[in-house]
Structures are given as structure tokens and as C-alpha cells.
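Each reported figure results from applying straightforward, stated rules to the coordinates on display, with no laboratory input. Since the model is a prediction, treat every value here as computed from it, not as a measurement. With ideal geometry, Cβ positions are generated from the backbone for all residues, glycine too; neighbour counts draw on all protein chains shown.
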Amino acid sequence: MDEFPITCVIERSVEDVFDALVNTQRIPDWNHGVIEVRTKDSPLQLGSHLTYIGKFLGRTFESESEVTEYVANSRFSARSTSGPFQLEVENSLQSTDVGTRMDSLFRGESRGFFKLAEPVIVRLAKKLFEDSTENFKALLEAKLL
């Protein structure tokens, strides 16, 4: 299993960052790999189930996920329960002098077709998540999320 951290400081309050992070309707606006997110649970909470519809390396996929940690304005984590990737994402937020520090830890392993080229998949996934984090930061700081 591979893992990598991504950290950024966003010039917005912890409340604003958390609200944007858990707004499932807006995730496709900043996460380049996600086309749509479906959930029956609104608002999200511990144990909520999500279905991510995404595209990676030209392939469209669905991935079921479950919220494994939900502490308002502090922590939000989820793990996949099906799909081409076994993925766990842990996000923690801390207030700073200039806004919010967001620490994300991505832990995953490929399945099926994607398992064949896992070292390449990890590099591409890391780049995708880094770009999505920068997009998230830029949209929040521009007050577009």
C-alpha cells in the first residue's frame, strides 16, 4: 500500500474550509478526477455512504466510500469500499495566523486493470491530488467555493 501527504495553507477560516471540503455537490468543481458525487445522507456524518463517479487514465469508474471520521471544523476522513482503488483519505484542519492549515494523508492501492501499472498509477494519482488541492485552495481564496 502506498501513501503520501499533502499540506497546504488556505487563507480562509477553518469553518469555510471544512464546509467546502464536505460539500459533496461542489467536489467536482475542484477535484479534477471526480465527475459526480452521490449520497443519500445530508448532511454528511460519521458512517455516511458516498458514491464517487470519476475518470482516471481515460476510464470512468464508480467507487463506493464511507465516512470514517467526521469532526466538524477539524477532521474529515473516508475510505473506499469498492471500485478500482482501495483509497483512504484523512483530512485534518488547524487554524493558523493566516487562515487554515489542511493536512491530507492519502493511502491507497490499485485493483483490477489499474493494479498492472501501480507505480505509474501512484505518481499520477499523487499529481492529480496535488493539483486538486491547489485548485481547492485557489477557489476558496477567490471565494468561489
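Just a few scattered comments:
- Zone residues, segment 12-31, relative to Val98, backbone N less than 15 Å from point 7 Å out along Cα-to-Cβ: 12-13
- Other-chain or far-sequence residues with amide H under 5 Å of Gly83's (modelled H): Glu64
- Dipole magnitude for the chain: about 420 debye, using +1 per Lys or Arg Cβ and -1 per Asp or Glu Cβ, origin at the Cα centre.
- Placing unit charges on the Cβ atoms of the charged side chains and taking the dipole of the chain about its Cα centre, the candidate lying farthest along the positive direction among Trp30, Asn91, Ala125 is Ala125.
- Overall dimensions of segment 43-83, expressed as equivalent-ellipsoid semi-axes from the Cα gyration tensor (√(5λ), whole Å, largest first), are 23, 10, 8.
- All C-alpha to C-alpha distances of the chain, sorted into 5 Å bins beginning at zero, yield P(r) values of 2, 10, 19, 25, 22, 14, 7, 2, 0 percent in whole numbers.
- Spin-label pair Glu69/Leu124, simplified geometry with 7 Å Cα→Cβ offset, distance in nm: 2.9
- Exposed trypsin sites (Lys or Arg not before Pro) absent: longest stretch of the chain, with sites in DSSP loops and at most 16 other Cβ within 10 Å deemed exposed: 41-110
- Helical mean residue ellipticity (222 nm; -39500 (n - 2.57) per DSSP H run of 4+; nearest 500) of the chain: -7500 deg cm²/dmol
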